[in-house]
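First comes the structure, then the notes that go with it.
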Amino acid sequence: MHILVSSASGANGNGYGAILDFGPGGECIGPFSSDPRIVDPRGLSLDPSGTLVYLNSGDDRVLALDLHGYVVRDSGRIPGLDPGGGEFGPDGRYCVTARRERTILTMPAALDGAGESLLPEGIVPFPRGFGFGPEGRLYLASGVAPSGQGDNTIAVFDRSGRLRTPRLVTDPKLSPLDLKLAPNENILVASEWPFGAPGAVSSVREYDPLTGQLVRVLVPEPSVGFSRPRGLRFGPGGRLYCVGQDHVVAFDFRTGSFVGPVVHLARLNGQALVLVP
C-alpha cells in the first residue's frame, strides 16, 4: 500500500506544491506526477472503482489521474473555484468545496460538464470538509477562514440541499479542518484548537450524527509534535489516517488508540491523502 499526500504551497504554506508518493514503510518515493496542471494541490479522493485519483488543483481546476500519475481527465479552469476538499456523492458525481463562494460544487465524474452548486452560495462562513450520511444527509464542517471569521460547527442538509440543522455541534474545543463519515456512521472531524495559535491542540473528534454529542477524542502522542491536521482517510484493518504538518499519523479506530506516525517529512504541509495499491 502506498500513501499519496497532497502537499500545499504558496499561500497555504511552505510545502512542496506536489502530490507526494510514500511507500509502505513511510519512505518518500517522490512526486506522484509531474503534470504542470498540478498547482498548490488540495483535496484528493479515489473514484468508486479505485482506479482514478481525483485532485483539486489550486489553479481552479479538478484533475483525474490514473494510478501511474498521468492526467486522464481535466475539468479545465473554473474561474473563482478556489477548491478545498472533494468527495464522491451518492449519485456518483464529484463534489468539491468552492471556498471563495462558500458552497459545494458538484460535477460529472467525467469532468466534461459544467459544475453546479449543490448548496446555495455563502451557506457557511468557510467550508472545511463534508461527508454524505444515511438518507441523503450532507454534513458540512463550518470552520474559520484565514480572516478569522467563522462559527466552528457542523451544518446538516437533506438530500434536496435544504438546511435542516445549522448548528449540530456545540463544542468549545472544535475548530474543524476536515470531516469524514466513519464506518459506524459517526462524524469525524480533524480539529486544531485554537485555530492557528501557537501550541494549538490537534485532535480527531467524533460526534453522534443525530444529536451532535461528542463521543470521544482521538489525540496523537504529544511527543510526535503533530499539528495542522487535515485529510482524514480510513485504511485496511480499521486504521484511521490523518495528515498534517510534517506527518501522517494513524489511529486504531476500534479502540481509539494512537498507532503512531507512519510518515515523517519536513515541510510536508499535507492537505489530503488517499491509499493506493
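Does region 110-117 contain any residue that is out of contact with any Phe, Trp or Tyr (no Cβ under 6 Å at 6 or more places or on another chain) and modelled with pLDDT of 95 or more? Yes, some residue in region 110-117 is out of contact with any Phe, Trp or Tyr (no Cβ under 6 Å at 6 or more places or on another chain) and modelled with pLDDT of 95 or more.
Within region 192-226, the set of residues being among the β-branched types (Val, Ile, Thr) and either within 23 Å of Tyr139 (Cβ to Cβ) or part of a loop (DSSP other than H, G, I, E, B) (or both) comprises Val201, Val204, Thr211, Val215, Val217, Val219.
Only a single criterion out of (1) without any contact (Cβ under 8 Å) to a residue 40 or more places away in the chain; (2) touching a Cys at 6+ places or on another chain (Cβ under 8 Å); (3) not β-branched (Val, Ile, Thr) is not satisfied by Gln213, namely (2). For region 128-177, filtering for residues that are closer than 13 Å to Gly212 by Cα, in contact with a Leu (Cβ under 6 Å, 6 or more places away or on another chain) and in a loop (DSSP other than H, G, I, E, B) leaves 1. Residues of region 1-39 that are among the charged types (D, E, K, R), in contact (Cβ under 8 Å) with a residue 12 or more places away in the chain and within 23 Å of Val249 (Cβ to Cβ): Asp21 alone.
Checked against the criterion of being surrounded by fewer than 22 Cβ atoms within 10 Å (Cβ to Cβ) and in contact with an Asp or Glu (Cβ under 6 Å, 6 or more places away or on another chain), region 33-42 contains one or more residues that satisfy it. Checked across region 166-173, the condition of being touching a residue at least 12 places away in the same chain (Cβ under 8 Å), open to solvent by 40 Å² or more (accessible area, probe 1.4 Å) and among the β-branched types (Val, Ile, Thr) holds for at least one residue. Annotation: of all residues in region 179-195 being touching a Ser or Thr at 6+ places or on another chain (Cβ under 9 Å) and open to solvent by 10 Å² or more (accessible area, probe 1.4 Å), the one that is modelled with the lowest pLDDT is Phe195.
For every residue, the table says whether it meets (1) in contact with a strand residue (DSSP E or B) (Cβ under 8 Å, 6 or more places away or on another chain); (2) more than 29 Å from Val259 (Cβ to Cβ).
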{"position": "Gly122", "(1), (2)": "yes, yes"}
{"position": "Phe126", "(1), (2)": "yes, yes"}
{"position": "Tyr139", "(1), (2)": "yes, no"}
{"position": "Asn152", "(1), (2)": "yes, no"}
{"position": "Asp158", "(1), (2)": "yes, yes"}
{"position": "Pro183", "(1), (2)": "yes, no"}
{"position": "Ala190", "(1), (2)": "yes, no"}
{"position": "Pro194", "(1), (2)": "no, no"}
{"position": "Tyr207", "(1), (2)": "yes, no"}
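Of everything in region 222-277 that's of a type in the set (D, E, K, R) and surrounded by fewer than 15 Cβ atoms within 10 Å (Cβ to Cβ), which residue is farthest from the chain's Cα centre (by Cα)? The qualifying residue farthest from the chain's Cα centre (by Cα) is Arg254.
For region 1-32, a residue qualifies if it is in contact with a Lys or Arg (Cβ under 9 Å, 6 or more places away or on another chain), modelled with pLDDT of 95 or more and open to solvent by 60 Å² or more (accessible area, probe 1.4 Å), but none of them does. Could you check, for region 67-76, whether at least one of its residues is under 17 Å from the mean Cα position of the chain (by Cα) and of a type in the set (Phe, Trp, Tyr)? No, region 67-76 contains no residue that is under 17 Å from the mean Cα position of the chain (by Cα) and of a type in the set (Phe, Trp, Tyr).
Does any residue of region 93-102 turn out to be among the β-branched types (Val, Ile, Thr) and in contact with a Gly (Cβ under 9 Å, 6 or more places away or on another chain)? For region 93-102, residues among the β-branched types (Val, Ile, Thr) and in contact with a Gly (Cβ under 9 Å, 6 or more places away or on another chain): present. Within region 118-149, restricting attention to residues that are under 18 Å from Asn184 (Cα atoms) and of a type in the set (D, E, K, R), the residue that is least open to solvent (accessible area, probe 1.4 Å) is Arg137.
The values are calculated or read from the model by the stated rules, or taken from the named source; none is laboratory data. Predicted, not measured: the structure shown is a model, and the values here were computed from it. In this analysis, Cβ positions are derived from the backbone assuming ideal geometry, glycine residues included, and neighbour counts consider all displayed protein chains. Just the protein is used for accessible areas: all its heavy atoms, side chains included, with ligands, DNA and RNA removed. Shrake-Rupley method; radii C 1.70, N 1.55, O 1.52, S 1.80 Å.
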